[in-house]
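The values are calculated or read from the model by the stated rules, or taken from the named source; none is laboratory data. These numbers come from a predicted model, not from an experiment. Here the Cβ is made from the backbone with ideal geometry for all residues, glycine too, and neighbour counts use every protein chain on show. These area figures cover heavy atoms from the full protein model, side chains too; ligands, DNA and RNA do not enter into them. Shrake-Rupley method; radii C 1.70, N 1.55, O 1.52, S 1.80 Å.
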Amino acid sequence: EGGRERLLQVLRERGATVIEIAVYRRLQPAADAQALRQLQDLLGADALQVISATSLELALNLLDMLPQSLREAALRLAWLVPSERIVAAMQERGLNCQFVRAASAEDHDLVDALAVWWRGAKAEHGY
């Protein structure tokens, strides 16, 4: 699911013999009413600046779980993502927000991208 197809394609293009065995799948979790209320409170208090989504499925699941008012608020925040592929896929779905692109999904790359973004946000907004 998600990046698996791309990985299979690239490996096969490079001459690998690939046997695909799906050992897990990602499912959208059920929306938790208490968590949604907490998110609404945080968004209302301007306490969030960034949402991190390390996969397209995660980003879309989150947005699908949100009521329209929270979805709109979430799309006003910056989104920390590990690849241009996720940015392009979100934009293809009409999700236009500020993207903070990390070099990869590795922790150090996510933290580095967030730190660079935060320095700019501090300067711009006076945080």
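Filtered by the rule that a residue be surrounded by fewer than 18 Cβ atoms within 10 Å (Cβ to Cβ) and either in contact (Cβ under 8 Å) with a residue 12 or more places away in the chain or in a helix (DSSP H, G or I) (or both), the stretch 84-98 gives E84, R85, A88, A89, Q91, E92, R93, L95, N96, C97, Q98.
Mind listing whichever residues of the stretch 1-30 are closer than 30 Å to R76 by Cβ and either modelled with pLDDT of 85 or more or open to solvent by 80 Å² or more (accessible area, probe 1.4 Å) (or both)? Explain how you work it out, then say what you get.
Applying the first criterion (closer than 30 Å to R76 by Cβ) to the stretch 1-30 yields 1-3, 6, 26-30.
If the condition is that a residue be closer than 30 Å to R76 by Cβ and either modelled with pLDDT of 85 or more or open to solvent by 80 Å² or more (accessible area, probe 1.4 Å) (or both), then R6, R26, L27, Q28, A30 are the ones that fit.
Does the stretch 41-50 hold any residues that are touching a helix residue (DSSP H, G or I) at 6+ places or on another chain (Cβ under 6 Å) and modelled with pLDDT of 90 or more, and which are they? If the condition is that a residue be touching a helix residue (DSSP H, G or I) at 6+ places or on another chain (Cβ under 6 Å) and modelled with pLDDT of 90 or more, then L48 is the only one that fits.
Among the residues of the stretch 45-58 satisfying the criterion of being open to solvent by 40 Å² or more (accessible area, probe 1.4 Å) and small (G, A, S), which is nearest to L7 (Cα to Cα)? If we take residues in the stretch 45-58 being open to solvent by 40 Å² or more (accessible area, probe 1.4 Å) and small (G, A, S), then S52 is nearest to L7 (Cα to Cα). Could you tell me whether any residue of the stretch 59-73 is open to solvent by 40 Å² or more (accessible area, probe 1.4 Å), at pLDDT below 90 and not in a helix (DSSP H, G or I)? No, the conditions are met nowhere in the stretch 59-73.
The C-beta contact set for the stretch 17-38 (first residue part of a loop (DSSP other than H, G, I, E, B), second residue modelled with pLDDT of 90 or more and small (G, A, S), distance under 9 angstrom, 6+ apart or interchain) comprises R26/S55. Of all residues in the stretch 32-44, exactly one satisfies the criterion of being open to solvent by 70 Å² or more (accessible area, probe 1.4 Å) and either under 19 Å from W118 (Cβ atoms) or of a type in the set (A, V, I, L, M) (or both), namely L42.
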